[in-house]
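What follows is a set of notes on a single structure, which appears directly below.
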Amino acid sequence: MMAKVLQEGRLIETPVAVVNKPGGGGSVAYAYLNQHPGDGHYVVLASKAILTNHLVGRGPSYTEFTPVANLFSEWISVTVRPDSPLRTGKDLVERLKKDPAALSFGIATSLGNLNHQGAASALKEAGIEVKKMRTVIFQSGGAATTAMLGGHIDIVPITAAFAASMVRNGQVRLIAVSSPQRLTGVLADVPTWRELGYDAVVSNWRSMIGPRAMTEAQIAYWDRALRRLIESAEWKKELETNFWTSEYLGSAETRKHMAQDNVQARAFLVDLGLAK
């Protein structure tokens, strides 16, 4: 969608090519990006995983790149089977207060990531020792959800957009979302963790980053283009469809935001025993 709007709207003067570099939770893409230092023609749409990957020793630090802009945040929903005895997130908390290992969680695709945090941050707020949670790692949210529907695990935290598609088909029940306010549409009846009494807001921000050593002129070029992008009707529709929240920040503000979030991510991973 970004490539389409940037090119068809003539927000930039050159063709846009989307190159997929899967692997390592984005680490392969980040390594590829930094093979082009100082070249403003290469950018990556990064997520908060760039922080957690590095903190557990699986990728480069965010400080090795040039932050260009933060675009939006997506939220995590906590799903169970429609026949689950868990009606809300409060039921989940009360059950795990008695025994932190009483229920199993399907996490895609690594311990400590945003899906994991979307559930565990609220449990931590409730005084539950999150290190004792029973977690099973899956290669995708779809695989985790399939296992839950088959009765092999109890809970799966996934993105709100993915969860909404399954709610429409009656496949899952949502018991909490990690957003600061309730979401809209088919998710309007799902309470936030804050509503349930646990001060846990977890967002997976999406930021555009470039290789190290980009110039101020290159950063300014992308900032102009992206500010026009987020004002387009197509982009606003994309946000609405996916339950994303527009949170545009410029380069300096994005770097500051990443630094603050890195402190919080480290504290969470330390509690899990995954970072020092």
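Odds and ends about this structure:
- Flag if Glu94 is outside the structural domain of Thr135 (by TED's automatic domain parsing) and not in a strand (DSSP E or B): no
- Screening Gly112 with (1) crowded, with 20+ Cβ neighbours inside 10 Å; (2) in a helix (DSSP H, G or I) gives one miss only, at (2).
- Residue, nearest to the chain's Cα centre (by Cα), within the stretch 28-65, restricted to residues that are hydroxyl-bearing (Ser, Thr, Tyr) and either closer than 19 Å to Ile107 by Cα or assigned to a loop (DSSP other than H, G, I, E, B) (or both): Ser47
- Residue within the stretch 162-184 that is assigned to a helix (DSSP H, G or I) and under 22 Å from Ala49 (Cα atoms) present: yes
- Number of the condition not met by Gln117 [criteria: (1) at pLDDT 95 or above; (2) within 20 Å of Ala265 (Cβ to Cβ)]: (1)
- Helices (runs of 4 or more DSSP H) fully within the stretch 191-276 counting 1 or more residues that are modelled with pLDDT under 95, assigned by TED's automatic domain parsing to the domain that holds Ser27 and not basic (Lys, Arg): 233-242, 251-271
- Qualifying residue in the stretch 66-79 (condition: outside any strand (DSSP E or B) and at pLDDT 95 or above): no
- Every listed requirement among (1) touching a strand residue (DSSP E or B) at 6+ places or on another chain (Cβ under 7 Å); (2) free of Cβ contacts under 8 Å to residues at least 60 places away in the same chain is met by Ser84 save one, (2).
- Residues being surrounded by 17 or more Cβ atoms within 10 Å (Cβ to Cβ) and under 18 Å from the mean Cα position of the chain (by Cα) - total across the stretch 3-27: 3
- Residue match in the stretch 251-273 (condition: without any contact (Cβ under 8 Å) to a residue 40 or more places away in the chain and farther than 21 Å from Pro67 by Cβ): yes
- Odd one out for Glu94, checked against (1) at pLDDT 95 or above; (2) touching a strand residue (DSSP E or B) at 6+ places or on another chain (Cβ under 7 Å): (2)
- Restricting Leu249, Leu274, Leu226, Leu196 to those that are under 27 Å from Thr14 (Cβ atoms), surrounded by fewer than 20 Cβ atoms within 10 Å (Cβ to Cβ) and out of contact with any Asp or Glu (no Cβ under 9 Å at 6 or more places or on another chain) reduces the list to Leu249.
The values are calculated or read from the model by the stated rules, or taken from the named source; none is laboratory data. In this text, all values refer to a predicted model and were calculated from it rather than measured experimentally. Positions of Cβ are generated from backbone atoms using ideal geometry, with glycine treated the same way; all protein chains shown enter the neighbour counts.
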